[in-house]
Structure formats: structure tokens, C-alpha cells
Ligand SMILES: Cc1cc2nc3c(=O)[nH]c(=O)nc-3n(C[C@H](O)[C@H](O)[C@H](O)COP(=O)(O)OP(=O)(O)OC[C@H]3O[C@@H](n4cnc5c(N)ncnc54)[C@H](O)[C@@H]3O)c2cc1C
């Protein structure tokens, strides 16, 4: 680990000011950032800890949906009575992230800001048509994830919350890496007032929607409606865990399971 200055943010304004320091970085749960620092893959001048900011924590029912503060930990989303009642698929997804240590430290804000290609939350943000709230604006989920580890966030922009609308029904199915529990392929399916949404994580460099499946499910919401929709393997991830061909196959399998799970 290289040396850096450590700051505890006193307020959002204070955090934004500290982020102005040369090569400063935010730290939330540290589950991704700290291992990166330990491996000397990053050399921030300053770490700005969002931990003290109570305003960024918590879950509330709002506008018929659920708003989750950026510093809310995965375990809190998983155990929340509000999330279980309003969007049970989201509570279930949070419970599938990593292991107990990761779920007790990792935060939703850190997860979506990091946008790991195999992370779970990006599929819920995209699949539910959620809105990412930052200290300066609101970003539609459809515009938030822009590429591998890339988002629409400006370098000094802080995620404060995510607003999830309540779907008519939703489910998440994940084929996990047995060691890390990251998604080799995860598919989030939601029936909403404005149509069906299908979002895939783990398969490609960035979470993506599958318009052909969405259209077919819009006509007939059943696993059979998408059984013949093949995902092209071109551009999908291929590594020691799974080939692109296998991932393409898994997208269809996980999507059908998710549709069946929507009840
Ligand atoms: C062993 C292991 C297994 C894991 N398995 C899974 C899994 O199965 N599924 C899954 O989805 N994830 C998994 N993760 C990742 C985990 O969910 C992390 O919690 C998450 O990626 C990052 O969240 P964090 O709060 O720890 O962020 P940090 O590590 O603190 O930060 C990550 C990045 O986000 C930035 N950031 C943090 N908060 C904000 C904010 N509010 N606004 C703007 N930028 C911000 C930081 O500057 C940093 O660049 C795993 C991690 C580990 C170590």
C-alpha cells in the first residue's frame, strides 16, 4: 500500500471539497478499493471516508417505491422489511452478494459507482429502471452504466441514494462464481407499468438490456416465450470461469428462471 492522507468527511460539502485534492478518492465499504490499494494498483493522494455521513444511510418507502441511501450496506438491504415487502427481488439480490463479511461492509453506492462487470446491483438498477441520485443531479439508470468500471459520474461526483420504483413483479437469478460469488451471469427481470425489462450482468463488459426478450415477454410473459432467443456470444466475456459461448447460453437459462420466479 502506498501512503495517503485519510479524511473522515464531516458533510457532503466537506467530502466534495476534499475530493478536490489531487488524486483524492472516496471510500465507502472499502471492499473493492482497499484490496486495490493493497495490491498497489491505485495510488490516491487522499481517501475521503463517507462513513460518518448518516444522511447517506438508510432505507425509506417513497413515492410507492424504495429509496436506499448510498452508504447502506448490502446486509441492511437484504434484511429490510420495507425492501422485502415492496421489492422482494431486490432484498434477495442483496443477500446473494459475496459472503457475510462483504455484505456487512459493502455499500450500494460503492457497488454501482464501481460498476464491476460481474456486480449484482447494476442489474437491479437497470432492470427496475431506477434513478441514481448524486449530490448534484439525478441520473436515470438507463444512462448510468457506460462501460466496464465506467459510469456517468463525474470524477468528483458523489452518489447519495438510489430510487427504485416498485415493479408489478420482479426476480433475479444468478449463476455465481463458486469462489467469489460474483455473477458469471445474473439476469434481473421486471414487469413494470411501461413494459418488461430484462437486465444482464456478468455476461458482458457492462450490464445490458435484452430488447428482444423484453418484446417477447411483453406479448407473453412466460419462460417459453424466450426459450428460442439466443444471445450472440460476440463481445461477451470469456475467461477461466466461463467461455463467451457458455455465458450466452446461461443468459437464456437465467432469464427463463427469473421469468418463472416472477410468479
Ligand atoms: C470477496 C468479495 C466478493 C464479492 N462478491 C460480490 C458479489 O457476489 N456481487 C457483487 O455485486 N459484489 C461483490 N463484491 C463487491 C462488493 O459488493 C463491494 O462492496 C462493492 O463492489 C463496492 O462497495 P464498497 O462500499 O465496498 O465500495 P468501496 O470499495 O469503498 O469503493 C468502490 C469504488 O466506488 C467509489 N465510491 C464509493 N462510494 C461512492 C459514492 N457514494 N459515490 C461515488 N463513488 C463512490 C470509490 O471511490 C471506489 O472507486 C465482492 C467483493 C469481495 C471483496
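Just so it is clear, none of the values below were taken in a lab; they were calculated from the coordinates. All values reported here derive from a predicted model rather than from experimental measurement. No Cβ is skipped: glycine too gets one built from the backbone with ideal geometry, and neighbour counts run over all protein chains shown.
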Handout entry: Rounded to 10°, Cα long-axis angle of helix 244-261 versus longest principal axis of the chain
Key = 80 degrees
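Quick check on the exposure proxy: order 208, 145 from fewest to most C-beta atoms within 10 angstrom. Walk me through the numbers before you get to the answer.
Working: 208 20, 145 26.
Neighbour counts put them in this order, fewest first: 208, 145.
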Handout entry: Cα centroid separation, segment 44-96 to segment 167-201 (Å)
Key = 18 Å
Exercise for the section: Could I have the simple spin-label model distance between residue 40 and residue 17, label points 7 Å from Cα toward Cβ, reported in nm to one decimal? Expected result: 3.5 nm
Completion exercise
By Cβ neighbour count within 10 Å, fewest first, 71, 96 rank 96, 71
Practice task
Mind telling me which of 11, 194, 243 comes out most flexible in a GNM of the chain, alpha-carbon contacts under 10 Å?
Solution key: 194
Problem - Residues in segment 1-18 that a label on residue 135 would reach, taking backbone N under 18 Å of a point 7 Å out along Cα→Cβ - result: 5-18
Fill in the blank from the handout: Expected sort for 49-59, 126-136 on mean C-beta neighbours within 10 Å, highest first, is 126-136, 49-59
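Within 10 Å of each residue's Cβ, count the other Cβ atoms and sort 123, 111 from fewest upward.
Details: 123 28, 111 25.
With the fewest neighbours first, 123, 111 line up as 111, 123.
Please label the shape of segment 1-136 as rounded, prolate or oblate, based on the square roots a ≥ b ≥ c of the eigenvalues of the alpha-carbon gyration tensor (a/c under 1.5 means rounded; beyond that, a/b larger than b/c means prolate, else oblate). Write out the running numbers ahead of the final one.
Working: a/c = 2.17, a/b = 1.57, b/c = 1.38.
Note, shape of segment 1-136 comes out prolate.
Divide by every residue of the chain the summed helix terms, -39500 (n - 2.57) for each DSSP H run of at least 4, and state the resulting mean residue ellipticity at 222 nm, rounded to the nearest 500 deg cm²/dmol.
Values: 11 runs with 85 residues, N = 263.
Taking each H run of at least 4 residues, the total per residue is -8500 deg cm²/dmol.
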